[in-house]
Structure formats: structure tokens, C-alpha cells
Amino acid sequence: MKRIVLVALSLLMVVVAAGLVFADKGDGKFTGKAGDTIYVCGCGAGCKCGSMANTEAKCGCGKDMVQATVTKVEKGKVFYKVGGDELSAPAQGKYACGCGEGCNCGAISQKPGKCGCGKDLIEVK
């Protein structure tokens with residue numbers, strides 16, 4: 001009986017440790033630079049979802065993201081060109097990809113939704 005309890009506790013510890021290793025490390029901060037290709041919300045200047053990612057996805061408002069080029073990152077904003085227009089979004093997302101370390105979609109948004117890898121965006125704390 002003691003052996004079963006010890007095995008069960010050992011397995012529980014392994015699961016907890018794995019959870020800590022693969023826990024989300026996303027802080028919701030954009031890490032790109034001028035010249036980078038990113039994907040952004042395609043709704044235009046009036047949209048407030050501020051979705052950006054390294055991979056194609058749906059933005060926080062549900063529309064498909066479009067490819068853009070970062071023109072500059074300054075004063076807490078990411079500036080990018082879409083169809084000849086320069087737009088911007090906050091460099092700090094309220095939501096970020098919930099995939100954890102090792103994920104490269106880099107999704108951030110001002111609204112909840114899904115990231116390019118299909119996981120839910122989680123609230124940045």
C-alpha cells in the first residue's frame with residue numbers, strides 16, 4: 001500500500017514539475033523591430049483589438065490577420081504598414097498566446113481570442 005502511495009505521489013510531482021516547465025512565459029510584450037514581417041488585424045485604423053502575431057491567425061475581433069511590415073517601435077507602440085497606410089498598435093498586449101515557452105506565434109492582442117497555433121490568448125497579469 002505504501003508503495004502505491006509513493007508511486008502516486010511521485011507521478012503527481014512529475015506532472016506538477018512538467019506544468020511549471022511548460023507554463024506560459026508570455027508577458028504580452030511585442031519583441032520585433034523595424035523591417036520585421038508580422039501579421040496584424042486587417043480592420044484598419046478604427047479597430048481597437050490591436051492584434052499582432054508572427055504567424056497568420058484570426059484577430060481579437062474575429063477577422064483574418066493580414067501581413068504587414070514593422071516600420072518602427074517607439075513610445076510603447078508598434079508602427080506598421082498595411083496597404084500603403086501606416087497604422088499602430090500598443091506594444092504591450094492585454095492578452096498573449098497561452099502556448100508557453102517554445103511557441104513562436106508571438107500573438108498579442110488588446111482583446112481575447114485565439115492565437116495562430118489555435119490556443120486561447122490568455123490575460124497578461
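All conditions in (1) more than 10 Å from the chain's Cα centre (by Cα); (2) surrounded by fewer than 20 Cβ atoms within 10 Å (Cβ to Cβ) hold for residue 78, with the sole exception of (2).
Taking segment 47-57 as the search range and keeping residues that are touching a Lys or Arg at 6+ places or on another chain (Cβ under 8 Å) and under 16 Å from residue 124 (Cα atoms), which one is surrounded by the most Cβ atoms within 10 Å (Cβ to Cβ)? Looking at residues that are touching a Lys or Arg at 6+ places or on another chain (Cβ under 8 Å) and under 16 Å from residue 124 (Cα atoms), I get 51. Checked against (1) modelled with pLDDT of 80 or more; (2) buried (at least 20 other Cβ atoms within 10 Å of the Cβ); (3) on the phi < 0 side of the Ramachandran plot, residue 60 meets all criteria but (1).
Can you spot a residue in segment 65-74 that is touching a helix residue (DSSP H, G or I) at 6+ places or on another chain (Cβ under 9 Å) and either exposed (fewer than 13 other Cβ atoms within 10 Å of the Cβ) or not acidic (Asp, Glu) (or both)? No - not one qualifying residue is present in segment 65-74. If you go through segment 49-81 and pick out every residue that is among the acidic types (Asp, Glu) and touching a Phe, Trp or Tyr at 6+ places or on another chain (Cβ under 8 Å), you end up with 1. Count of segment 81-112 residues, restricted to those that are surrounded by fewer than 20 Cβ atoms within 10 Å (Cβ to Cβ) and on the phi > 0 side of the Ramachandran plot, is 4. Residue 125 meets the conditions (1) surrounded by 22 or more Cβ atoms within 10 Å (Cβ to Cβ); (2) more than 17 Å from residue 57 (Cα to Cα) in every case but one. The failed one is (1). Beta carbons closer than 7 Å, at least 6 apart along the sequence or on distinct chains, pair a first residue in segment 98-122 that is more than 16 Å from residue 64 (Cα to Cα) with a second that is among the aromatic types (Phe, Trp, Tyr) for 100/22; 101/22; 122/95. Residue pairs whose Cβ atoms lie under 8 Å apart, separated by 6 or more positions or on different chains, with the first residue in segment 76-91 and among the polar types (S, T, N, Q) and the second surrounded by 17 or more Cβ atoms within 10 Å (Cβ to Cβ), are 88/78; 88/79; 88/80.
Any chance you could count how many residues in segment 20-49 are acidic (Asp, Glu) and modelled with pLDDT of 85 or more? Let's see the steps before the verdict.
Taking segment 20-49 first, the residues acidic (Asp, Glu) are 24, 27, 36.
In the following step, the residues that additionally are modelled with pLDDT of 85 or more were identified as 36.
Number of matching residues: 1.
The values are calculated or read from the model by the stated rules, or taken from the named source; none is laboratory data. Note that this is a predicted model, so its numbers are computed, not measured. Glycine also receives a Cβ, built like all others from the backbone with ideal geometry; neighbour counts cover every protein chain displayed.
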